[in-house]
Amino acid sequence: MSGRRLAKRYARALYSLTRESLASTAEELGRVTGVLEEPRLRLVLRSPAVDASARVRIARRVAVALGLSAGVGNLLCLLAERDRLDLVPDIAGVYEELVDATLGRARVLIRSATPLSAAEKNELVDLVRRLSGRREVLATTEVDPELLGGVVLDLDGTVYDGSLKAQLLRLSKQMAEGRA
């Protein structure tokens, strides 16, 4: 079974157990993901010299140190026991998608060649609200000078590319095909 499919199974199981605390569970998964990316901890947890019982003990300590709920703590220990801690980022992502669908919100990544003003960002968020039909939009912005100008919106996996770079690529393709 692929990693993404396994992550979906774990995320759905956790989701069914935590329907009363969706936001806090998503936040806990984010914290766990961050901690597991710590290079030394990552090295220890992925070492073949570390057996399952040692991984579970480490996972329990992480759960206590982070003050995790029983559901997330138990999931962390289960993943440690089964040597599947590398699934945590994917589980967190799938869980976040489930929460977003339940709460009727959309996530968008806005990439622009230069930093956006607050007014420009608000205008783009309003556009995403209209495109998605969602009440709430969680926007993340990123500066990408290679775009040259314009913006690229990544709305739940659908990309709206209004960058100058994309426009120039389309024009050069049309010219090469003799349609310009």
Unique residue being modelled with pLDDT of 90 or more and closer than 28 Å to Thr33 by Cβ when the list is Leu155, Leu116: Leu116
Residue match in region 80-102 (condition: hydrophobic (A, V, I, L, M, F, W, C), assigned to a strand (DSSP E or B) and surrounded by fewer than 15 Cβ atoms within 10 Å (Cβ to Cβ)): no
Candidates Arg134, Arg129 - the one that is touching a Gly at 6+ places or on another chain (Cβ under 6 Å), closer than 25 Å to Ala26 by Cβ and surrounded by 14 or more Cβ atoms within 10 Å (Cβ to Cβ): Arg134
Check on Val99, among the aliphatic types (A, V, I, L, M), at pLDDT 95 or above and closer than 18 Å to Leu22 by Cβ: no
Cross-chain or 6+ apart pairs with Cβ under 9 Å, region 111-123 first and touching a residue at least 12 places away in the same chain (Cβ under 8 Å), then among the small types (Gly, Ala, Ser) and assigned to a strand (DSSP E or B): Lys121/Ala139
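The values are calculated or read from the model by the stated rules, or taken from the named source; none is laboratory data. This one's a predicted model, so the numbers in the text were calculated from it and none came from an experiment. Glycine gets a Cβ as well: all are built from the backbone with ideal geometry, and neighbour counts include every protein chain shown.
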